[in-house]
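Engineer: Before I ask anything, here is the structure I am working with.
The values are calculated or read from the model by the stated rules, or taken from the named source; none is laboratory data. Here the structure is a predicted model, which is why all the values come from computation and not from measurement. Neighbour counts are summed over all protein chains in view; Cβ atoms, including those assigned to glycine, are modelled from backbone coordinates with ideal geometry. We work out accessible area using only protein heavy atoms, side chains counted, and drop any ligands, DNA or RNA first. Shrake-Rupley method; radii C 1.70, N 1.55, O 1.52, S 1.80 Å.
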Amino acid sequence: MAISREVFVLDNGAYTAKVGISNSEHPRVIPNCIMKAKSERRRPFVGDQLEDCRDASGLFYILPFQKGYLVNWDVQKNVWDYIFSKECCPANFSETPLVVTEPYFNFPSIQEAMTEIFFEEYECKSLLRINAGDLSCYNYKKKNPGTLCCLLVDSGYSFTHVVPYIKGKKLKQGIRRIDVGGKMLTNHLKEIISYRQLHVMDETHVMNQVKEDACFVSQNFFRDMDIARKRDKENTIARDYVLPDFTTLRRGYVRSIDPVDKAGESEQQQILRLNNERFTVPEIMFHPSDLGISQMGIPEAICHSIGVCPVEAQPHLYANILLTGGCSLFPGFRERVEAEVRSRAPDDLDVQVTLPANPVTYAWHGGALLGQDSEFSNMTVSREEYEEEGHSLCFEKFDI
Amino acid sequence: MASARESGRLKDANQKRILDEAARRRRMRKALEALEQDNFHDDPHADLVMSKKVPKFQETLESRGGRRKKARSAEYYKQRFRKTFAQLVEEDQNYNPDPPNYMSAQAPPSKVPERHFCAVCGFTSNYKCIPCGARYCSVEALRRADHPPKESYRMCKI
Ligand SMILES: Nc1ncnc2c1ncn2[C@@H]1O[C@H](COP(=O)(O)OP(=O)(O)O)[C@@H](O)[C@H]1O
Ligand SMILES: [Zn+2]
């Protein structure tokens, strides 16, 4: 049964906050950080105010999250104050219930701080704290009625989680965390480029764009290594990346390698030559041990996680693997996950991997849908209840 | 006599290897910590205090609902919820020692054999520096890396 109810959904990621009222078509995606630019002495940039920044070279980041958990509350409060303000995404928490996301196994004292700040500072009328993955799974269930299970993979900024959901409920013993996310990939790319050709250690913002624009997940790692070793036309992997100079070019772009150097043009431009970097960087999600991290890669962790689930649920989990999070946007990601899980799974089981049209906002949309559920009001805690029963009620009701 | 000297030398060699092993592990940990860093350079405007630069927010907060109490400052929340990540993990170990929890959710080591790549160019490596364990694809790469220091050149093909 669906109810028409507006809720405010805040999927509070370590990289971006996905925010908006449930009746909007899409959430706003706001960088969850404060930035300082070398070129701008007068002000820091909060969230998407970065769009006002002319020269985004050498950006300095101040982040609320560390290793995926909220620890810098002053930074977070500044960003939230901006997000909820008229300038960004005005919220009326005294009337509209708030759905806010937290990471798996969020620490109890962070949970208490969340409850406190939303009831006491932002004066919420009613609150639902929930894992972003629960919202994604809810969205998947609504889109695919009749599915009993879902194996969620969330590859975000700080880490990757693999989580089995059985009849809409997560099986906590099955949750696996791989400590590789988009932040590590960008930092690694920065390091190898700085070592091999140009010092870019201070250019996190630009190198993150290089990563998003140029990297891909290989379908055959050693074959691609061989191709990348070839010269000239035979090397179909090498590309040039034209770096932004923030006067004539605000954003860099990938370009095929031009054998005839157009005189003049390249004198002005600073160029990175990208070769095996294009696929060895995302490869870390599949082989964390390439960087010395002794953890399983994503496909192995998927099978490991499914392995601890009840046998009767396993076929349903293999058939409903759902990819979310920004890192699932690398070209080839879905195909590689599917091929590797296929080769590891029992032959008689069907393996299907779904990549939604927008894996970054998928959880937000799930939250917007959940607000319409007739069960929704039983899931929330109201301010009166909080004032009477305090944190214990929240720990009871919110399964984080 | 002789055998005592012999075993002393053996002990030295063992100790050296263990030290190398510890040094390698330390280096690895440092490398992984570097991959967690938010910034490599210093704050270009460390004097810029963000809460002072955002008067607009205060305004919007106060206009909300009229009867609103004065909003608490960001600094208040910084002091109120001051815990480092390491403290949080430790606290969780005491508060919530039985799995499933943050620690137990960590993906276990892979069963797939490790792969090794050239520290210079990223291609498959055929050589290894014995003292430090770094891998290289060729003697050429090694020279480019200016590594290891000349006097300890001891490479083996692997
Ligand atoms: N098109 C893309 N290709 C590769 N990585 C991407 C792409 N878009 C975003 N990302 C990466 O995804 C990460 C953020 O993912 P997201 O799920 O939004 O994180 P979080 O929820 O942790 O804030 C960032 O590291 C970002 O660089
Ligand atoms: Zn090499």
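Engineer: Within the range A:151-199, track down each residue that is touching a residue at least 60 places away in the same chain (Cβ under 8 Å), within 16 Å of ligand 1 (Cβ to nearest atom) and more than 30 Å from residue A:311 (Cβ to Cβ).
Structural biologist: Scanning the range A:151-199 gives A:156, A:157, A:158, A:181, A:182, A:183, A:184, A:185, A:188, A:189, A:193.
Engineer: Within the range B:109-143, how many residues turn out to be over 23 Å from residue A:198 (Cβ atoms), among the hydrophobic types (A, V, I, L, M, F, W, C) and within 13 Å of chain A (Cβ to nearest Cβ)?
Structural biologist: 1
Engineer: Taking the range A:81-98, which residues are open to solvent by less than 10 Å² (accessible area, probe 1.4 Å) and without any contact (Cβ under 8 Å) to a residue 24 or more places away in the chain?
Structural biologist: Selection gives A:85 alone.
Engineer: Another question, then. Residues to consider are A:49, A:111; find the one that is more than 25 Å from residue A:368 (Cα to Cα) and polar (S, T, N, Q).
Structural biologist: A:49
Engineer: Specify the residue that is surrounded by the fewest Cβ atoms within 10 Å (Cβ to Cβ); the eligible residues are those in the range B:117-147 that are assigned to a loop (DSSP other than H, G, I, E, B), touching a strand residue (DSSP E or B) at 6+ places or on another chain (Cβ under 9 Å) and hydrophobic (A, V, I, L, M, F, W, C). Lay out the reasoning, then the answer.
Structural biologist: Residues of the range B:117-147 that are assigned to a loop (DSSP other than H, G, I, E, B), as a first pass: B:118-123, B:125-126, B:130-134, B:137-138, B:146-147.
Checking the rest, the ones that are also touching a strand residue (DSSP E or B) at 6+ places or on another chain (Cβ under 9 Å) come to B:118-121, B:123, B:125-126, B:130, B:134, B:137-138, B:147.
If we keep only those that are hydrophobic (A, V, I, L, M, F, W, C) as well, we get B:118-121, B:123, B:130, B:134, B:137.
Details: B:118: 20, B:119: 20, B:120: 22, B:121: 22, B:123: 19, B:130: 14, B:134: 21, B:137: 19.
Selected residue: B:130.
Engineer: Further question on the same structure: Taking the conditions exactly as written (open to solvent by 40 Å² or more (accessible area, probe 1.4 Å) and among the charged types (D, E, K, R)), does residue A:278 satisfy them or not?
Structural biologist: Spelling it out, it is not the case that residue A:278 is open to solvent by 40 Å² or more (accessible area, probe 1.4 Å) and among the charged types (D, E, K, R).
Engineer: Ok, one more. Specify which of the listed residues (A:76, A:49, A:66) is under 15 Å from the mean Cα position of the chain (by Cα) and within 27 Å of residue B:73 (Cβ to Cβ).
Structural biologist: Numbers: A:76 fails: under 15 Å from the mean Cα position of the chain (by Cα); A:49 fails: under 15 Å from the mean Cα position of the chain (by Cα).
Within the list A:76, A:49, A:66, the selection yields A:66.
Engineer: Kindly indicate which of A:107, A:119 is within 8 Å of chain B (Cβ to nearest Cβ), more than 24 Å from residue A:4 (Cβ to Cβ), buried (at least 19 other Cβ atoms within 10 Å of the Cβ) and in contact with a strand residue (DSSP E or B) (Cβ under 7 Å, 6 or more places away or on another chain). Show your work before the answer.
Structural biologist: Values: A:119 fails: within 8 Å of chain B (Cβ to nearest Cβ).
The conditions single out A:107.
Engineer: Could you tell me which of the residues A:132, A:113 is open to solvent by 10 Å² or more (accessible area, probe 1.4 Å) and of a type in the set (A, V, I, L, M)?
Structural biologist: On the way: A:113 fails: open to solvent by 10 Å² or more (accessible area, probe 1.4 Å).
Testing whether each residue is open to solvent by 10 Å² or more (accessible area, probe 1.4 Å) and of a type in the set (A, V, I, L, M) leaves just A:132.
Engineer: Given the criterion within 16 Å of ligand 1 (Cβ to nearest atom) and open to solvent by less than 40 Å² (accessible area, probe 1.4 Å), identify the matching residue among A:64, A:44. It would help to see each step written out before you state the result.
Structural biologist: On the way: A:44 fails: within 16 Å of ligand 1 (Cβ to nearest atom).
One residue alone meets the criteria, A:64.
Engineer: If you don't mind, there's one more thing I want to ask. If I filter the range A:288-297 for residues that are among the β-branched types (Val, Ile, Thr) and buried (at least 22 other Cβ atoms within 10 Å of the Cβ), do I get at least one hit? Full working, then the answer.
Structural biologist: Residues of the range A:288-297 that are among the β-branched types (Val, Ile, Thr), as a first pass: A:293.
If we keep only those that are buried (at least 22 other Cβ atoms within 10 Å of the Cβ) too, we end up with none.
Within the range A:288-297 (the criterion being among the β-branched types (Val, Ile, Thr) and buried (at least 22 other Cβ atoms within 10 Å of the Cβ)), the answer is no, since none of the residues qualifies.
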